[in-house]
Structures are given as C-alpha cells and as structure tokens.
Amino acid sequence: MHQAEETSRISTVIGLVIEGIGMFLALSFAAGINVMEAIDDQFFLDEGFTESETETLLRIVDILGIVLLILGGILLVVFLINLVVFTKLLNGKFDIETAKNVYLYQIIWGAINLFFNQIASIMYLISGIKGKTTQRKLQKDTESKH
C-alpha cells in the first residue's frame, strides 16, 4: 500500500479546504442572487435606475444566478469526488499504481482548476508533482535493489 509523503499530504488537505470554501462561496452567491431576484423592481427604481436599466440589471442577475448555480453544482460534485479519492490516498488505501494515477489526476485537476481556484490548484499541483516524483524515486530504488 502507498503512504503519501508529508508535503503531498499537507498540500492535498489545504487544497481540499480551499476548494470546499470556493464551492461554498459559489453556491452562496447563487443563493444570494435568488434572494435578490425576490426583491421588488421598485427597489432599483428608487435607487435612481430607469426602467430599462432595471430590466437589464435584473436580466444580468438572472443569468449570473444560473451560471453560479451550474458552476457551484459542478464544483460540488468534483469536490465530493476529490474528497473521497484524496482521503483514500492520504489514508493509504491505494496500491502504488493506483496512487500514481491519483497523483496524475491531481496534476490534471490542478491545471484545469487554475481557471477557478488558483490557490487550491497550486496545492494540488504541488501535491501531485511531489507525489509522482516520490513514486518514481521509490520505484527506481526498488528496481535497483532487485
């Protein structure tokens, strides 16, 4: 069984925490926008917006709410998958080959996630690269002993 090294372990935990916070914020903003939609149009008119400006603003808010809800939903699913897979990795539940694949996934997800959550991405990239490097080193050491 594979045991994650300390740098990978710490980076993964920090990445999961930051990814969880980002997902929570996206869903919170989507919920906030739904609350804002419940506000009467009169509020915007009282603030000095014209009817057409209010209509445009509410249309933008509607679209933004839908985008954030979809993005938050996707981030929730990915976060839950990462939580399960990375927890198993950290707890030594994977064999060496599976751990290598998880580190590769971590690198790929870290690169993709750079568009959404840079801090979590950097943590995942550090963990994945360090884990892959350590695995290669251990594999070479094992092969040279045989």
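Estimated at 0.36 nm per residue, the fully extended path between Gln139 and Ile112 surpasses their Cα-Cα distance by 6.9 nm. The long axis of helix 6-38 is offset from the longest Cα principal axis of the chain by roughly 10 degrees. Summary value for the chain: 40 percent relative contact order, contacts being C-alpha pairs under 8 angstrom separated by 6+ residues.
One chain, two ends: Asn91 and Ile10. Fully extended at 0.36 nm per residue, the span grows by 27.9 nm beyond their Cα-Cα distance. Taking a straight Cα-Cα cut-off under 21 Å and skipping sequence neighbours fewer than 8 places away in the same chain, the lysines within cross-link reach of Lys88 are Lys100, Lys130, Lys132.
Between Ser28 and Ile63, the modelled label-to-label distance comes to 2.6 nm, taking each label 7 Å out from Cα in the direction of the beta carbon.
Relative to the longest principal axis of the Cα atoms of the chain, helix 118-145 runs at roughly 10 degrees.
For the chain, the 222 nm mean residue ellipticity estimated from helices alone, with every DSSP H stretch of n ≥ 4 adding -39500 (n - 2.57) and the total spread over all residues, rounds to -30000 deg cm²/dmol.
Every number here is computed from the coordinates shown, using simple stated rules; none is lab data. In this text, all values refer to a predicted model and were calculated from it rather than measured experimentally. Don't worry about glycine lacking a Cβ; one is built from the backbone with ideal geometry, like all the others, and counts go over all protein chains shown.
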